[in-house]
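Visitor: Structure below; questions to follow.
Nothing in this text is a laboratory measurement; each read-out follows from the coordinates by a stated rule. It should be emphasised that the depicted structure is a prediction, and the values quoted were computed from it without experimental measurement. So basically every Cβ, Gly included, is an ideal-geometry build from the backbone, and we count neighbours across all protein chains shown.
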Amino acid sequence: MTTPTAAPTTARLGQLVDDVREAVGRGLPPDTTAYLVGERLAAHLGAADLLTPEQTEGDPDRYRQHILHAESDGSFSVVALVWMPGQQTSIHDHVSWCVTGVHQGTESERRYRLVPDGTTARLVATEDVVNHQGDVCGFAPPGDIHRVRNACSTTAVSLHIYGADIARLGSSVRRVYDLPADEL
């Protein structure tokens with residue numbers, strides 16, 4: 001992943017931020033907050049006026065993160081991830097609740113659970129999910145271990161909204177897993 005970038009906002013992105021601020025401001029549990037934020041995000045996905053061209057620029061070597069907004073109190077961040085064909089994350093989990101929506105293209109996700117294996121642990125694949133433009137999913141730790149990739153032949157762009165200040169943290173990843181993984 002490349003260094004986070006900040007870019008100018010659009011009016012639609014500003015409305016999304018206001019919508020998320022309202023949902024997060026309710027102070028509800030993480031899973032409920034993620035659900036409400038997902039409802040707000042879905043209405044904006046695929047809109048031509050959501051992102052600037054700079055906010056959809058990829059990197060030929062790895063997926064690229066564009067930080068679009070970080071709330072001043074640290075309560076949430078909005079990030080665009082741009083994926084060239086074949087790019088993927090490591091297997092990881094997150095520091096906070098997260099909502100993801102596909103703005104352009106298709107993303108594939110493999111979800112895992114961590115199981116004890118004697119004195120160590122291993123990962124067991126539990127589900128494969130394909131998210132198309134307009135699809136939204138969300139989660140709250142624990143139980144958020146996954147790998148995301150662009151398995152299509154075109155660029156994919158997704159918006160990720162995290163319950164943390166990603167501008168300050170640099171990433172939403174809490175832990176990267178380098179363990180044996182049973183596949184589906």
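Visitor: Taking the Cα centre of the chain as origin, work out the dipole magnitude from +1 charges on Lys and Arg Cβ and -1 charges on Asp and Glu Cβ, in debye rounded to 20.
Guide: 200 debye
Visitor: Dipole size in debye (nearest 20) for segment 39-132 around its Cα centre, Lys and Arg Cβ +1, Asp and Glu Cβ -1?
Guide: Computed charge dipole of segment 39-132: roughly 300 debye.
Visitor: If you don't mind, another one. If you restrict to DSSP beta bridges whose two residues both lie in the chain, what percentage is antiparallel, to the nearest 5?
Guide: Taking every DSSP beta bridge with both residues in the chain, the antiparallel ones total about 90 percent.
Visitor: Evaluate the chain: find the radius of gyration of its Cα atoms, find its Kirkwood radius, and give the ratio Rg to Rh.
Guide: So for the chain, dividing Rg by the Kirkwood Rh gives 0.96.
Visitor: Suppose R0 equals 35 Å; then what is the FRET efficiency for Arg26 and Glu54 from their Cβ-Cβ distance, rounded to the nearest 0.05?
Guide: For Arg26 and Glu54, the calculated efficiency is 0.60.
Visitor: Under 11 Å from the Cβ of Leu13, count the other residues' Cβ atoms, weight Lys and Arg +1, Asp and Glu -1, and hand me the total.
Guide: -2
Visitor: For segment 114-180, report the convex hull volume of the alpha-carbon atoms normalised per residue, in Å³, without decimals.
Guide: Spread over its residues, the Cα hull of segment 114-180 gives 134 Å³ apiece.
Visitor: With Cβ to Cβ distances under 11 Å as the rule, what net charge do the other residues near Gly74 carry (K, R +1; D, E -1)?
Guide: Local net charge: -2.
Visitor: Taking the Cα centroid of segment 93-159 and of segment 40-60, what is the distance between the two, rounded to the nearest whole Å?
Guide: So the separation of the two Cα centres works out to 20 Å.
Visitor: Calculate the spin-label point distance for Val130 paired with Ser90, positioning each point 7 Å from the Cα along the beta-carbon direction, and give it in nanometres.
Guide: 2.9 nm
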